Structures are given as structure tokens and as C-alpha cells.
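What follows is calculated from the coordinates using simple rules that are stated; it is not laboratory data. Everything numeric in this text was worked out from a predicted model, so none of it was measured. For neighbour counting, all protein chains shown are included, and Cβ atoms are generated from backbone atoms with ideal geometry for every residue, glycine included.
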Amino acid sequence: MTTIYTIHAPEIEKLELVKAQMATLGAPTIRVVDCGDYYMALEGCHRVAAAHDLDITPEWVTFEQDEVLDITEFDWYDPANWAETVYPAGEVAGELYSRNSCAYSF
């Protein structure tokens, strides 16, 4: 069993749309950070939730904690909140994890 945390909870309307698309398109690809006993999704909170609801296992692109990420490619990147644009994946995962994070098991 693999536990994946997402950045935030999905919005219900968007989740239903993503589930309908995923039922046709199949498993999504989602980038995650290996945090040891769980994974932190760097993207795709709606895709993770939809896959979980549909009992589909996504294709995980896994980064180790010491791998360097260019965070400008993610839609959550905001230069006002990040001093740099390149960080170790583990540091990024730690910053993204919050009380709003949701856990899903696959």
C-alpha cells in the first residue's frame, strides 16, 4: 500500500470533471517525492483523488529527496513565496505539506 499526500483537497466540481475524463483516458501520470514512509504529490490533487475514487493506480514519476527540482514548471509556483527557483525535492515536499493536505492510499 502506498500513501500519497496532495497539496490540498480537491474541489468537488472539478473532481467530477476529472473523474469523467479519467474514465475515458485511463491512468494519469503524477510527479511525487519519496518522503520515506509516504509520497508527496507535486501536482495533480484532482487527478490523485479521481484515480483513488475510480480505483485506478496512476503512473508515478518519483523524485528522491536529494534530487534538484526546478519549481517554476509547477502551477503552484509563485515567486513571492519562494526565494529561489531550484530546490531539493525533499525541501519542496516539506513546504507543500500542510493541514490542507489530503492522504490517499493505492
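Below is a table of values for the structure above.
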{"item": "Gyration tensor over alpha-carbon atoms, the stretch 3-105, equivalent ellipsoid semi-axes in Å", "result": "24, 15, 12"}
{"item": "Options 3, 42, 68, ranked by Cα towards positive dipole end of the chain, top entry (Cβ charges)", "result": "3"}
{"item": "Hz values of 3J(HN,Hα) by residue in the stretch 80-93 - Karplus curve (6.51, -1.76, 1.60), Gly and Pro given as x", "result": "6, 9, 10, 6, 10, 10, 10, 9, x, 4, x, 5, 4, 4"}
{"item": "Candidates 90, 44, 26: whichever shows maximal mean-square fluctuation once the chain is modelled as a Gaussian network with Cα springs under 10 Å", "result": "26"}
{"item": "Long-range HN-HN contacts of residue 8 with modeled amide H, under 5 Å", "result": "102"}
{"item": "Ratio Rg/Rh, restricted to the stretch 1-63 and using Cα atoms, in which Rh is the Kirkwood radius", "result": "0.95"}
{"item": "Percent of beta bridges antiparallel (DSSP, the chain, rounded to nearest 5)", "result": "60"}
{"item": "Relative contact order (%) - criterion: Cα under 8 Å, at least six apart; region: the chain", "result": "39"}
{"item": "Amide H contacts under 5 Å for residue 63, placed H, 5+ residues apart", "result": "32, 33, 34"}
{"item": "Of 59, 91, 73, the one that fluctuates the most in a GNM where the chain has Cα springs shorter than 10 Å", "result": "73"}
